[in-house]
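Input: a single structure, listed below in structure tokens.
Every read-out reported here was derived from the displayed coordinates using simple, explicitly stated rules and does not represent laboratory data. Remember, it's a predicted structure, so these values are computed and weren't measured experimentally. Don't worry about glycine lacking a Cβ; one is built from the backbone with ideal geometry, like all the others, and counts go over all protein chains shown.
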Amino acid sequence: MNERTVYEYAIVRVVPRVEREEFVNVGVALYCRKQRYAHVKVYVDASKCIALDATIDLELIHRHLESFVKICAGEKEAGKIAELDQTERFRWLTAKRSTIIQSSPAHPGLCYSAEETHQELFEKLVL
């Protein structure tokens, strides 16, 4: 692709104890309307999560993150929200919430390739 296009991304976070407002970056959700790209990449560093809360249920975290990925991809098995269009799914995933899985505010940018930009952001912000 020779022309830059607008994209939005949000960092996906695990917040083991919401009242403490401490978090671990575990993923990046990226949406680019023009390239019809909407995906979430995740990686959970268990040691970081356990450092914030030794009683954290990592299996539960993985299940919730898996549903984030499936909803963003529009997989039918993920329920009614996954049936929304890409824009609505991204907005739902990045809506402010007070739960164990949260997203940062959405940030805009310009890219040539949404997929390559997504990988770069994931490596920079999560890995």
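Find how much the distance from residue 36 to residue 110 grows on full extension, using 0.36 nm per residue of separation minus their present alpha carbon separation; answer in nm with one decimal.
Taking residue 36 through residue 110 to full extension adds about 25.2 nm, to one decimal.
Test of understanding: given the chain, find the longest segment containing no trypsin sites (Lys or Arg not before Pro) that are in a DSSP loop and have at most 14 other Cβ atoms within 10 Å.
That gives 37-95 as the longest site-free run.
Provide the FRET efficiency to the nearest 0.05 for the residue 52-residue 2 pair, computing r from the beta carbons and using R0 = 35 Å.
According to the calculation, E is roughly 0.20.
Just to be sure I follow the rule: in the chain, considering lysines 8 or more places apart or on different chains, how many pairs have Cα atoms under 18 Å apart?
Here the count comes out as 4.
What FRET efficiency comes out for the pair residue 98/residue 44, r = Cβ-Cβ distance, R0 = 22 Å, nearest 0.05?
0.65
Just 113, 103, 47 to compare: in a GNM of the chain, with alpha carbon springs under 10 Å, which one fluctuates most?
Of the options given, 47 has the highest mean-square fluctuation.
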